Amino acid sequence: MAAASGSGFLMQTHTIRPICFAPMEGLTDHLYRQAHHACFQGVSRYFIPFISPTEHRVFTPREFASVSPKNNEGLNAVPQILCKNPDYFVWAAGALQDLGYEEVNLNIGCPSGTVTAKGKGSGMLRSPDTLALFLDEIFARSPIPVSIKTRIGFESPEEWPALLSVLSRYPAKEIIIHPRTRRQFYAGETYRETLDAAFEMLRCPIVLNGDLFTPEEITAMVERYPQTSGLMLGRGLVANPALAQEWLGGEKLTHESLRHFHDVLYDSYAAQGPGDLALRRLRMMMSWTSACFEEPAKPLKAIQKSRTNEGYRDAAQRLFDEHALVEKPYYSLCP
């Protein structure tokens, strides 16, 4: 399900690597992906937030909406599976192949407590031997290529060598590495020194993820690891939706482009029907994107306290009308 990246206009002034948009559950759904793709350039692939197949072997309505070819039309979209049962994984990979996808991503990095309590996501990193048994099955049976998104351990980066030994055995299409443990969630320093061993042991393409919030940080990562095949941006790209575009030499975020993106996204959610979907999703997005504005605390508080669409629109308009953008947007912490 390929599409042009839309970045051909960009002036490339440094070592270029493709930019992927990380899947962010509850935020980067198909409406968000389509709005971002329409308003900004520079993203080569959009990863779809995970689906979690079960014994019923059927996508829920929400999952089908997320992977529907119609809803991802024009995007280079990659579906992600969160699963610990190889039979369920193989079924889902086949169903996704039937929808036209040519790759599926395995999530063994999600740090959510509700996920890891079930032994999924980064909960699979607790036992390299159990992980190996699972990977044996899916790489032998998956009808389409499998890529992997991982962390470097569950409790400690000292777990990484054993995990790397397992991961190096399989023909992954690529491995995306967030150099934190599950225990850290998104806090504290990344253990970027662990990436050296990854480039030594893994023979598949490696994509780097984690704490890439500015063009300078992206450039520094590529210069440190020129052998990387790409970068995955999540929080930094949600906070500054023009980040990939700017890094590739395109236009920086402007007041006008951000407001246009906001309005396109709001209208897309509002068009889904009555209710508070637009309110809930835009409040979440603005908790990140407020990092682009000077002194946003007061209007952001009004945005987060809004309980009606009208109240939200009034608070958001005050933010846009009364606050300039900062020169270098930066958001380093989860909201």
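Any idea which of (1) touching a residue at least 40 places away in the same chain (Cβ under 8 Å); (2) in a loop (DSSP other than H, G, I, E, B); (3) among the hydrophobic types (A, V, I, L, M, F, W, C) is the one Cys204 doesn't satisfy?
Of everything listed in (1) touching a residue at least 40 places away in the same chain (Cβ under 8 Å); (2) in a loop (DSSP other than H, G, I, E, B); (3) among the hydrophobic types (A, V, I, L, M, F, W, C), Cys204 misses just condition (1).
Hey, could you check the range 149-173 for residues that are buried (at least 20 other Cβ atoms within 10 Å of the Cβ) and either closer than 22 Å to Val222 by Cα or among the aromatic types (Phe, Trp, Tyr) (or both) and say which is nearest to the chain's Cα centre (by Cα)?
Lys149
From the list Glu223, Glu189, which residue is in contact (Cβ under 8 Å) with a residue 40 or more places away in the chain and either in contact with a strand residue (DSSP E or B) (Cβ under 9 Å, 6 or more places away or on another chain) or surrounded by fewer than 17 Cβ atoms within 10 Å (Cβ to Cβ) (or both)?
Selected residue: Glu223, the only one of Glu223, Glu189 that is in contact (Cβ under 8 Å) with a residue 40 or more places away in the chain and either in contact with a strand residue (DSSP E or B) (Cβ under 9 Å, 6 or more places away or on another chain) or surrounded by fewer than 17 Cβ atoms within 10 Å (Cβ to Cβ) (or both).
May I ask you to verify whether Ala198 is free of Cβ contacts under 8 Å to residues at least 40 places away in the same chain, closer than 22 Å to Ala220 by Cα and not in a loop (DSSP other than H, G, I, E, B)?
yes
Checking the structure you have, find out if any residue of the range 318-328 is surrounded by 15 or more Cβ atoms within 10 Å (Cβ to Cβ), under 23 Å from the mean Cα position of the chain (by Cα), part of a helix (DSSP H, G or I) and modelled with pLDDT of 95 or more.
The answer is no, given that none of the residues of the range 318-328 is surrounded by 15 or more Cβ atoms within 10 Å (Cβ to Cβ), under 23 Å from the mean Cα position of the chain (by Cα), part of a helix (DSSP H, G or I) and modelled with pLDDT of 95 or more.
Here is a list of conditions, (1) surrounded by fewer than 20 Cβ atoms within 10 Å (Cβ to Cβ); (2) at pLDDT 95 or above, and Pro274 meets all of them except one; can you say which number that is?
Tallying (1) surrounded by fewer than 20 Cβ atoms within 10 Å (Cβ to Cβ); (2) at pLDDT 95 or above, Pro274 fails exactly one: (2).
Say whether the condition of being assigned to a loop (DSSP other than H, G, I, E, B), under 24 Å from the mean Cα position of the chain (by Cα) and modelled with pLDDT of 95 or more is met by at least one residue in the range 126-136.
no
If you go through the range 255-267 one residue at a time, do you hit one that is of a type in the set (Lys, Arg) and more than 30 Å from Glu193 (Cα to Cα)?
Yes, that holds for at least one residue.
Taking the range 122-154, which residues are in contact with a helix residue (DSSP H, G or I) (Cβ under 8 Å, 6 or more places away or on another chain), within 23 Å of Gln184 (Cβ to Cβ) and free of Cβ contacts under 8 Å to residues at least 60 places away in the same chain?
Once the filter is applied, which keeps residues that are in contact with a helix residue (DSSP H, G or I) (Cβ under 8 Å, 6 or more places away or on another chain), within 23 Å of Gln184 (Cβ to Cβ) and free of Cβ contacts under 8 Å to residues at least 60 places away in the same chain, the range 122-154 yields Gly123, Met124, Leu125, Pro128, Thr130, Leu131, Ile148, Thr150, Arg151, Ile152, Gly153, Phe154.
From Ala172, Ala162, which residue is without any contact (Cβ under 8 Å) to a residue 40 or more places away in the chain and over 25 Å from Pro53 (Cα atoms)?
Ala162
Determine whether the range 228-243 contains at least one residue that is over 16 Å from Tyr331 (Cα atoms), open to solvent by 10 Å² or more (accessible area, probe 1.4 Å) and out of contact with any strand residue (DSSP E or B) (no Cβ under 8 Å at 6 or more places or on another chain).
no
The values are calculated or read from the model by the stated rules, or taken from the named source; none is laboratory data. All values reported here derive from a predicted model rather than from experimental measurement. Note that we place each Cβ from the backbone using ideal geometry, even for glycine, and neighbour counts take in every protein chain shown. To get the accessible areas, we keep the full protein, side chains included, count just its heavy atoms, and leave off ligands, DNA and RNA. Shrake-Rupley method; radii C 1.70, N 1.55, O 1.52, S 1.80 Å.
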